[in-house]
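For reference, the structure is listed below as structure tokens.
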Amino acid sequence: MGKKRIVTLILMILGIVVFGETTEAAQLDLPVNTITGSVYQDINENGVMELKNFEITVPKQQVRLYHSLVDAQQDQNVISATNTNAVGMFSFSKLKRGNYYIRYDFDKASRPVNFAQNVLDDAGIQTSGIAKIDATNRSKLLYTIDLPQKRVTNLEILPFEDKNWNGLMDPEEAIMDGKTMIILNVRRFSEVIKNKELDGLDVSKLLSGALGGNLDISDAIYFRTTKNGQLINMPDVTSDLYIIIRSPFDLTLTSMVGNITKINALLAIIQGGDIEAILNDPELIAAGDIDTNSDNEYIHLLASILPKIADEVDKINYNEIIGEDNAAVITKTTNQLRAIETLLNKIPAMRFVKVDHFGNSYDLTGLKFKRTNQFFFGIKKYATLSGYAFNDKNKNGKKDLLERLQSIDLTIYDAKGNVLSTVKTPASIGEYKLINLPYDQTLYLGIPENLTSTTAMTVDKPAALADKNIIGEYYIEGTSGNASLRQDIGIIN
């Protein structure tokens, strides 16, 4: 017998033996079955692995095997547990025939996607993250399954009190409570405006439901308010372009009562209305405090260009070219361009955010491209000056127990004579408070000319204030962390 025939005969005998043993093992239900597969990124969430869409496998994903659905749901009586390897594959071997349940929703950075092999609960609803494997086929030893998941993208928003004004959230600085942020889905918002979905919006009903601090409008605009020192978390956002912006008002009862005009103006814009009111009063969109790490380069660039365009347009004599009436329209337009410049400079801090199909999020603000899911908004309160204004009968410069308060007009000036803040002091109960005072410049406190103060400081008045009755001079450093000054004011009648 030739050598080749002998080799062929041996291989045939081995094949018969192996086949016989395998068949026998299957018949006897020996532990020879294997379940293998992968965990992959299902970008379009259709439950089908599509390499053409760059849906690739994911390493280091935990997968656990159970005998029953209850065990899988409660994560008990685990048969075996493993992690996907470097190429995103897993395997459970030496299994007897039977029904098995695989669970793979242990990675908090991802969520399972429903697909055909999901288990159905008693109500016929797919149980997310748990798949069933029917390993009862006597002629089959290998079972495969691909487990889809989607990376979860959470946007974390941190409006913090930047006491030292360095633009960074230092360890000793905390989230400010009661600060409302607006998260705008740009694509969805454009659809809402185009389709006029907000026509007939019941504003009063809308606001009455927003006192808890949160408000959602048409899956396009989200208002979120900080509380208990916690950051704002926008969970599982879709692939889109977003704008995160400080709200001009906070969704708290006190703020909403005091900012009705701002609320109406903002809602008018959201509904696609006229922005004339805001052009006439840009303070309607101002947040009322200082943004310490705002780098809205797009906005600032646009604001610097608009007045230059208006100046160039004004150089042309349109009266001679197109007539007086049409020229008046152009003049109005150029004036609006200048008004828009002021408006843009009042826009609160914002962040431009892009979330891609792979679940990565990027900060596009400041003409930069930074991969991150955390967006910091530094906030510094304006300085204040407060105290009592009282009738100083004994002229000792101190408010004694029986000395009453006195109502007078107080004014804060800068060195050029500009009025920065005014207030009328209470006549019976409480302190006065001068607000919105700037940092890093000299401030001068003035009272009416016909009054004399027992607490007046020696002040070297600048020329612009030569005719003013100045009784105090202050300088508040922006990096000191001290935003509140006190000054009791004794008055001699």
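The values are calculated or read from the model by the stated rules, or taken from the named source; none is laboratory data. Since we're looking at a predicted model, the values are computed, not measured. Backbone-built Cβ (ideal geometry, glycine too); neighbour counts: all protein chains shown.
Of note:
- Which numbered condition ALA464 misses (of (1) of a type in the set (A, V, I, L, M, F, W, C); (2) farther than 30 Å from ASN164 by Cβ; (3) assigned to a loop (DSSP other than H, G, I, E, B)): (3)
- Candidates in the range 142-153 are the residues that are of a type in the set (A, V, I, L, M) and modelled with pLDDT of 95 or more; of these, the one that is surrounded by the fewest Cβ atoms within 10 Å (Cβ to Cβ) is LEU142.
- Any hit, the range 450-472, residues being over 11 Å from ILE408 (Cβ atoms) and in contact with a helix residue (DSSP H, G or I) (Cβ under 9 Å, 6 or more places away or on another chain): yes
- Residue within the range 464-479 that is within 37 Å of the chain's Cα centre (by Cα), under 27 Å from LYS381 (Cα atoms) and small (Gly, Ala, Ser) present: yes
- Screening the candidates LYS132, LYS140 for the property of being more than 16 Å from VAL70 (Cβ to Cβ) and in the same structural domain as ALA81 (by TED's automatic domain parsing) yields one hit, LYS140.
- Every residue from the range 189-209 that is hydrophobic (A, V, I, L, M, F, W, C) and outside any helix (DSSP H, G or I): LEU198, LEU201
- Residue check, GLY387 at pLDDT 95 or above, crowded, with 18+ Cβ neighbours inside 10 Å and on the phi > 0 side of the Ramachandran plot: yes
- Of the residues making up the range 418-431, those that are part of a loop (DSSP other than H, G, I, E, B) and of a type in the set (A, V, I, L, M, F, W, C) are ALA427, ILE429.
- Residue, farthest from SER480 (Cα to Cα), within the range 154-194, restricted to residues that are of a type in the set (S, T, N, Q) and buried (at least 20 other Cβ atoms within 10 Å of the Cβ): ASN185
- Qualifying positions in the range 437-479 - without any contact (Cβ under 8 Å) to a residue 24 or more places away in the chain and more than 19 Å from ASN396 (Cα to Cα): GLU449, ASN450, VAL459, ASP460, LYS461, ALA463, ALA466, ASP467, ASN469
- Residue that is nearest to the chain's Cα centre (by Cα), among those in the range 235-250 that are outside any strand (DSSP E or B) and under 20 Å from PRO282 (Cα atoms): SER247
- Looking only at the range 348-371, and only at residues there that are of a type in the set (Val, Ile, Thr) and over 21 Å from GLN149 (Cα atoms), the one that is surrounded by the fewest Cβ atoms within 10 Å (Cβ to Cβ): THR365
- Any chance ALA415 is modelled with pLDDT under 95 and in a loop (DSSP other than H, G, I, E, B): no
- The range 80-104, residues that are surrounded by fewer than 19 Cβ atoms within 10 Å (Cβ to Cβ) and touching a Pro at 6+ places or on another chain (Cβ under 6 Å): ALA86, LYS94, LYS96
- Leading residue by the ranking (farthest from GLY37 (Cα to Cα)) among those in the range 52-79 that are crowded, with 16+ Cβ neighbours inside 10 Å and polar (S, T, N, Q): GLN73
- Filter pass, ASP409 being more than 18 Å from ILE470 (Cα to Cα) and surrounded by fewer than 19 Cβ atoms within 10 Å (Cβ to Cβ): no
- Filtering LYS461, LYS424, LYS416 for residues that are more than 19 Å from ALA389 (Cα to Cα), exposed (fewer than 12 other Cβ atoms within 10 Å of the Cβ) and basic (Lys, Arg) leaves a single hit, LYS416.
For every residue, the table says whether it meets (1) modelled with pLDDT of 95 or more; (2) more than 30 Å from ASP240 (Cβ to Cβ).
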residue: GLU24; (1), (2): no, yes
residue: VAL32; (1), (2): no, yes
residue: TYR40; (1), (2): yes, no
residue: ALA81; (1), (2): yes, yes
residue: ALA86; (1), (2): yes, yes
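- Flag for LEU367 being modelled with pLDDT of 60 or more, under 24 Å from the mean Cα position of the chain (by Cα) and hydrophobic (A, V, I, L, M, F, W, C): yes
- Taking the conditions (1) in contact (Cβ under 8 Å) with a residue 60 or more places away in the chain; (2) more than 26 Å from ASP162 (Cα to Cα); (3) under 39 Å from the mean Cα position of the chain (by Cα) in turn, LYS424 satisfies each one other than (1).
- Filter pass, LEU434 being at pLDDT 95 or above, over 38 Å from the mean Cα position of the chain (by Cα), not assigned by TED's automatic domain parsing to the domain that holds ARG246 and not in a loop (DSSP other than H, G, I, E, B): no
- Consider the range 221-241 and keep the residues that are in contact with a Lys or Arg (Cβ under 9 Å, 6 or more places away or on another chain) and within 21 Å of PHE377 (Cβ to Cβ). The one that is surrounded by the most Cβ atoms within 10 Å (Cβ to Cβ) is ILE232.
- Within the range 115-125, none of the residues are over 29 Å from GLN230 (Cα atoms), in a strand (DSSP E or B) and at pLDDT 95 or above.
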